[in-house]
1. What nm distance separates the two modelled labels at ARG47 and ARG8, each placed 7 Å from Cα along Cα→Cβ?
2. Below 8 Å between Cα atoms, with a sequence gap of 6+, how large is the relative contact order for the chain in percent?
3. Show which lysines lie in cross-link reach of LYS42 when reach means a straight Cα distance below 26 angstrom and same-chain residues fewer than eight apart are skipped.
4. Taking trypsin sites (Lys or Arg not before Pro) as candidate sites, keep only those in a DSSP loop with at most 15 other Cβ atoms within 10 Å, then name the longest stretch of the chain containing none of them.
5. Which residue, chosen from TYR29, GLY45, THR62, occupies the Cα position most advanced towards the positive end of the dipole of the chain, where the dipole is computed from +1 (Lys, Arg) and -1 (Asp, Glu) charges on Cβ about the Cα centre?
6. Starting from the Cα gyration tensor of the chain, take the square roots of the eigenvalues, sort them a ≥ b ≥ c, and report rounded, prolate or oblate (rounded when a/c is under 1.5, otherwise prolate if a/b is larger than b/c, else oblate).
7. Counting Lys and Arg as +1 and Asp and Glu as -1, each charge on the Cβ, what is the dipole of the chain about the Cα centre in debye, to the nearest 20?
Amino acid sequence: MNDNADARERFLTLKQVTARTTYSRAKLYTLFESNKFPKPIKLDGGRIVFLESEIDAYIATTIQKARGEAA
């Protein structure tokens, strides 16, 4: 196991993802059901989380597209 905290993958809750993206829960569900947003990971008890690296990559790509830069 790697002890470097920066190298570890982190989970984000739906609340954290809505705060980072400013999308509503409904918008997020629409996006990931249409394969336009990273899929959530389903944990025990029906809880869903997202990988922080995938959300960060989505945000970076969205910024690049909005600015007309190559993704």
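No lab work stands behind these numbers, since they all come straight from the coordinates. Here the structure is a predicted model, which means the values were calculated and not measured. We place every Cβ from the backbone using ideal geometry, glycine too, and count neighbours over all the protein chains shown.
1. Calculated label separation equals 1.5 nm.
2. Values: 55 pairs, mean separation 21.6, N = 71.
Here the relative contact order equals 30 percent.
3. LYS15, LYS27
4. That gives 11-35 as the longest site-free run.
5. With unit charges placed on the Cβ atoms, the residue in question is TYR29.
6. Numbers: a/c = 2.19, a/b = 1.17, b/c = 1.88.
Because a/c hits 1.5 or more and a/b fails to exceed b/c, the chain counts as oblate.
7. Dipole magnitude for the chain comes out near 400 debye.
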